[in-house]
Amino acid sequence: MRALGMRSAFITASLVVLITGGCVPPDSTGYTADGMLKAVAATSASNAWAVGNNAQTPVIVHWNGSKWSSVTAGVPAAAALEAVAASSPANAWVLGSTRPAGSKWSTPVILQWNGRAWRAVPSPVPSDSYLSSVSVTSPGNAWAVGLYFTSPTHLPSTVRPIALHWNGSVWQRVPLPRLAAPAGGGAQLTGVSATSAGNAWAAGVFLSDQGDYAAGFVLHWNGSSWSQVPSAPASAGDPIAVAATATDYAWLAGSVAGLWNGRDWTTVPIPLVQTHFGDRGGQVSALAVSGHVAWLAGDYCTTALACANGQLLPLLLRWTGAGWQFTPPPANTAVIFGLAVTSPTSAWAVGYMPPYTSQEKARMVILHWNGSTWDSAAPV
């Protein structure tokens with residue numbers, strides 16, 4: 001068995017991007033800079049958030065309908081930001097972590113936006129843990145999920161899933177059902193999506209005794225407890241993301257997609273992902289749903305050699321009601337990992353443009369869907 005480091009121990013349902021200071025003209029939907037963004041969330045055409053880091057500096061940018069701007073008041077100086085969710089212009093949450101001086105492990109950070117500033121909110125999580133996904137429906141209902149370690153060895157068998165609930169006043173740890181992890185392995189939650197106080201979904205993966213992803217699983221919240229959903233198309237898909245908009249409409253995404261109609265799950269193939277070669281080819285890393293509008297993002301490669309060489313192409317897929325439709329981004333070198341959607345004519349995808357030389361830096365890219373094409377400001 002091998003010990004799990006914080007990078008190899010988990011996967012996230014958020015996106016990876018790079019950024020620093022700088023803005024684009026107010027009439028552009030783009031925002032380009034050095035650094036890294038990890039996630040994006042939107043509630044309307046005039047309210048969106050994207051979070052990440054520029055080196056050791058946390059970055060939070062906000063879209064007000066005409067431009068992106070930095071909003072970091074109240075954010076801890078050295079926090080690494082990982083996920084974001086919002087329910088209104090005055091209610092948003094960000095997950096991240098800090099590493100105290102002299103500590104080997106990171107400590108989770110939860111930030112709340114009240115319409116004026118960000119503030120850190122205490123939570124009952126173990127210090128050696130990682131929160132990877134957050135969902136919020138109202139000021140009194142939010143979920144955060146991830147993993148924690150039961151031993152400093154970080155062996156796969158010490159990885160456990162964790163779920164936290166916000167009731168409007170405090171974060172509380174909520175019991176999870178007993179999960180049958182592989183012998184010598186563990187389990188983690190990688191995505192969560194709630195539509196109300198009585199309906200939420202969580203996706204996760206089992207880890208083998210070597211720390212590899214052995215299979216996926218799905219949990220459902222009915223307002224009083226979490227239960228495992230054996231009928232979900234998880235074992236073949238290793239779901240890392242889940243998104244729901246109603247009790248009868250939800251999506252799972254991994255190497256396959258699953259659609260919930262209120263009674264049962266239907267497995268839906270994902271073009272290009274099914275033809276992957278190697279560890280990263282054909283990987284879905286983000287899922288977003290609004291109403292019955294759904295998007296997937298990730299990357300893929302076309303040959304075994306391309307996958308082995310890391311020659312990945314961006315993947316942006318839109319659900320048409322009959323299947324997934326490929327929508328090409330402005331550049332084939334863009335790396336896309338995060339998504340948010342508010343309507344058929346408004347969606348956000350965040351990622352970065354890799355550097356061409358060792359002297360250059362990766363540049364953050366934010367793309368906007370206008371109903372027919374993806375638009376962005378070119379990285380500079």
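Structure notes:
- Taking the range 139-226 and the strands (runs of 3 or more DSSP E) fully enclosed by it, the elements with 1 or more residues that are in contact with an Asp or Glu (Cβ under 6 Å, 6 or more places away or on another chain) are at 141-149, 199-207, 213-221.
- Taking the range 291-380 and the strands (runs of 3 or more DSSP E) fully enclosed by it, the elements with 2 or more residues that are farther than 24 Å from Thr267 by Cβ and touching a residue at least 24 places away in the same chain (Cβ under 8 Å) are at 335-343, 346-353, 363-369.
- When Ser87 is tested against (1) at pLDDT below 95; (2) touching a Pro at 6+ places or on another chain (Cβ under 9 Å), only condition (1) is not met.
- Taking every residue in the range 265-290 that is among the acidic types (Asp, Glu) and surrounded by fewer than 23 Cβ atoms within 10 Å (Cβ to Cβ) and pairing it with any residue that is part of a loop (DSSP other than H, G, I, E, B) and modelled with pLDDT under 55, at least 6 positions away or on another chain, yields no pair with a Cβ-Cβ distance below 6 Å.
- Residues in the range 171-191 that are touching a residue at least 60 places away in the same chain (Cβ under 8 Å) and more than 19 Å from Ser157 (Cα to Cα) were compared, and the one that is surrounded by the most Cβ atoms within 10 Å (Cβ to Cβ) is Gly191.
- Residue check, Ser97 part of a strand (DSSP E or B) and not hydrophobic (A, V, I, L, M, F, W, C): yes
- Test: residue in the range 130-144 that is without any contact (Cβ under 8 Å) to a residue 40 or more places away in the chain, surrounded by 21 or more Cβ atoms within 10 Å (Cβ to Cβ) and either more than 24 Å from Val335 (Cβ to Cβ) or not hydroxyl-bearing (Ser, Thr, Tyr) (or both): no
- Looking only at the range 347-376, and only at residues there that are crowded, with 20+ Cβ neighbours inside 10 Å and among the hydroxyl-bearing types (Ser, Thr, Tyr), the one that is modelled with the lowest pLDDT: Ser376
- Restricting attention to the range 308-327, the residues that are modelled with pLDDT under 90 and more than 13 Å from Leu272 (Cα to Cα) add up to 4.
The values are calculated or read from the model by the stated rules, or taken from the named source; none is laboratory data. Keep in mind it's a predicted model, so treat the numbers as computed, not measured. Don't worry about glycine lacking a Cβ; one is built from the backbone with ideal geometry, like all the others, and counts go over all protein chains shown.
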